Amino acid sequence: MKKQLLIFGAPGVGKGTQAKLIADKLEIAHISTGDILREAVSKETEMGKLAKVIMEKGELVPDNIMIGIVRDTLKEDKCSNGYILDGFPRTVKQAEMLDEILKELNSNDICLINIEVDNKLIIQRLSNRKMCTNCGSILSIDAIEEPERCPKCKAVGKLIKRKDDEVEVIKNRLEIYHNLTEPVLSYYKKKSIKIISVDGSKTIGDVNLTILRELKGYYNI
Ligand code: AP5
Ligand code: MG
């Protein structure tokens, strides 16, 4: 069975952190719609210029743009062995369109990983997050021993704070998550898909072990 995973949860629950680990372990593609948009912003494409303003406010990029990105990406060769989709779907409309895309691809078997963390811890984590623009690592400032040096790839001067990680923007993202994205979970609960729910307040390693244990029961891995 082709591995088609969705990783779901509020901003800062650890979707990107876990998606990278799972993608490496299962040898599948990690497709992060946030990363795709941030790349477009840094390349200053037309879509990037539009997305930049929206993302800095913590709002959602229009559904039609996101659906187009995902439709094109899932047809790429890198997804042929399976993928983990991180940050999509984020509205019920996006979830409905994903169903259509999967029908077009003749593969509608999906598994959703739902990570849960309370808002207080989320705000703390996102306020402490850094990203390495050289290797793409997601870091917490506690894990950075030498200021300015990425502990993973060792590059110097490439660590940045995301503009949407300011407290006021984080609060806006959480509100939008509650209003527009949480209903996506109810949408999937009504369908007969596999849903793995995990407490994301545990350590990165523990969360990962729990997810992999559940996935083993579902896929032959
Ligand atoms: P996106 O990039 O998807 O951001 P997000 O959903 O807000 O989530 P984050 O990336 O902030 O958090 P995460 O859950 O990945 O946590 P992470 O692993 O980094 O989207 C950004 C923007 O793009 C959106 O606001 C929107 O504008 C736009 N967009 C994207 N997709 C869209 C769509 N489909 N439709 C419309 N618009 C879209 O971890 C966070 C921190 O916690 C890190 O420092 C990490 O080291 C740490 N950490 C992680 N796990 C643990 C742990 N277990 N213990 C301790 N620390 C941990
Ligand atoms: Mg992320």
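Only the coordinates and a few stated rules stand behind these numbers; no lab work does. As the structure is a computational prediction, the values presented were derived from the model and not from experiment. Glycine gets a Cβ as well: all are built from the backbone with ideal geometry, and neighbour counts include every protein chain shown.
List of remarks:
- For a straight C-alpha distance cut-off of 12 angstrom, the aspartates and glutamates reachable from K194 (same-chain residues fewer than eight places away being disregarded) are D109, E214.
- Beta-bridge orientation, the chain: approximately 25 percent antiparallel, per DSSP, counting only bridges with both partners inside.
- Pairwise FRET efficiency - N179 versus D99, Cβ, R0 = 25 Å, nearest 0.05: 0.70
- Residue with peak Gaussian network fluctuation, the chain [Cα springs, cutoff 10 Å], from P89, P11, P147: P147
- Extension reserve of the D206-V167 stretch, reckoned as 0.36 nm per residue once the Cα distance is removed: 11.3 nm
- Burial ordering of L121, L174, L126, fewest other beta-carbon atoms within 10 Å first: L121, L174, L126
- Of all lysines in the structure, the ones whose alpha carbon falls short of 17 Å from that of K43, not counting any fewer than 8 places away in one chain, are K52, K158, K163.
- With the charge dipole of the chain set up from +1 on Lys and Arg Cβ and -1 on Asp and Glu Cβ about the Cα centre, the Cα lying farthest toward the positive end among the listed residues S137, I69, I160 is that of S137.
- Applying a 4.7 Å Cβ-Cβ cutoff to the chain, the cysteines left without a disulfide-compatible partner are C79, C111.
- Sorted ascending by nearby beta carbons within 10 Å, beginning with the fewest, L112, L212 become L212, L112.
- In the distance distribution for the chain, Cα-Cα pairs more than 22 Å apart total 51 percent.
- From its DSSP helices (H runs of at least four residues, each -39,500 (n - 2.57)), the chain gives a residue-normalised ellipticity at 222 nm of -14000 deg cm²/dmol.
- Listed residue pairs exceeding 19 Å between alpha carbons, taken from K78/K152; K190/K216; K78/K154; K15/K120: K78/K152; K190/K216; K78/K154
- Subset of K75/K161; K25/K75; K20/K93; K20/K191; K3/K93; K49/K103 violating a 30 Å alpha-carbon distance limit: K75/K161; K49/K103
- Cα centroids of segment 7-78 and segment 147-205: 12 Å apart.
- Taking segment 84-221 and dividing mean pair separation by its residue count, relative contact order in percent (alpha carbons under 8 Å, at least six apart): 32
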